[in-house]
Amino acid sequence: MYTFVDTVAKKTGHHSEEGSSRLQTIFNGMNLDDQLSDQTGSFTTLVISGRSNVEQRISTVDVPGMHGMIETSDPTWNAREIAVQYKLTDQTKAGFRKRYNQLNGLLQGSKKKLAFTDEEAFFYATLSANDVPDETANSLVAELVFLCSDPFKYGKTHQTIALRKYTWEEYKNQKWGDFIGN
C-alpha cells in the first residue's frame, strides 16, 4: 500500500503554516494580506514588479558635425512605479464588495511607506491605480500601481562604531562586542 505526503502547506485560518515566509504587501504600516484576510475571504500578494527597476534622466546636447552628443549635467533618477499583482476573494458578493471598499480605504494617502515582507527596505509611494478587471466572480486577480515620486529605496540606518585598539596582536583573541566604544 502507498501513502502520500502533502507537500503543500495547509492553511489555518488565513495564514499558512509557513507564517511570514509568504510575500506580503505593507502600505502605510498596514499589512494588506493580514488586514484583508479572515475566515470568509482573503487578499494575497502574488507578484511585485518595478521595485528593482531604475531609470536615469540624462540631459544631452547634439552638436552639429560631432559624433555622438554631449552630456550637459550629471544624470538624475526618474520616478519609479511599483506594481503589485494580488488576488482578492470572498465567499459572498456582499463580502467581496466590502473587502474591496476596505482595500481602497487602506490605500489612501500620499507618499506613504510601501514595503514587502521579503526585504527590510521601503519606498515612499502613492497609489496611482487599482486596476481591477470585470468583476465576474467573488475571486479575481488585479493590480495595484504605486508611484514613487522619490525613486529611492530606504532601509534601516547603520550605526558606526569606534574601535578601541589598533594592532592585530591586541585584536586576535577578542570578539566584536569587545571593540564597541561606549
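The values are calculated or read from the model by the stated rules, or taken from the named source; none is laboratory data. Note that the structure is predicted; figures quoted are calculated from it, not measured. Here Cβ is always computed from backbone atoms with ideal geometry, including for glycine, and neighbour counts include all displayed protein chains. Quick note on the areas: whole protein, heavy atoms, side chains included, nothing else; ligands and nucleic acids left out. Shrake-Rupley method; radii C 1.70, N 1.55, O 1.52, S 1.80 Å.
Here are the numbers for the structure shown:
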| read-out | value |
| --- | --- |
| Criterion (small (Gly, Ala, Ser), at pLDDT 95 or above and in contact with a Leu (Cβ under 8 Å, 6 or more places away or on another chain)) met by exactly one of 42, 49, 37 | 42 |
| Test for residue 93: is it in contact (Cβ under 8 Å) with a residue 12 or more places away in the chain and under 24 Å from residue 56 (Cβ atoms) | no |
| Candidates 37, 59, 42 - the one that is open to solvent by 40 Å² or more (accessible area, probe 1.4 Å) and either in contact (Cβ under 8 Å) with a residue 12 or more places away in the chain or under 12 Å from the mean Cα position of the chain (by Cα) (or both) | 59 |
| Region 45-56, subset assigned to a strand (DSSP E or B) and of a type outside the set (Gly, Ala, Ser), residue surrounded by the most Cβ atoms within 10 Å (Cβ to Cβ) | 45 |
| Single match in 124, 154 (criterion: out of contact with any Leu (no Cβ under 7 Å at 6 or more places or on another chain) and crowded, with 16+ Cβ neighbours inside 10 Å) | 124 |
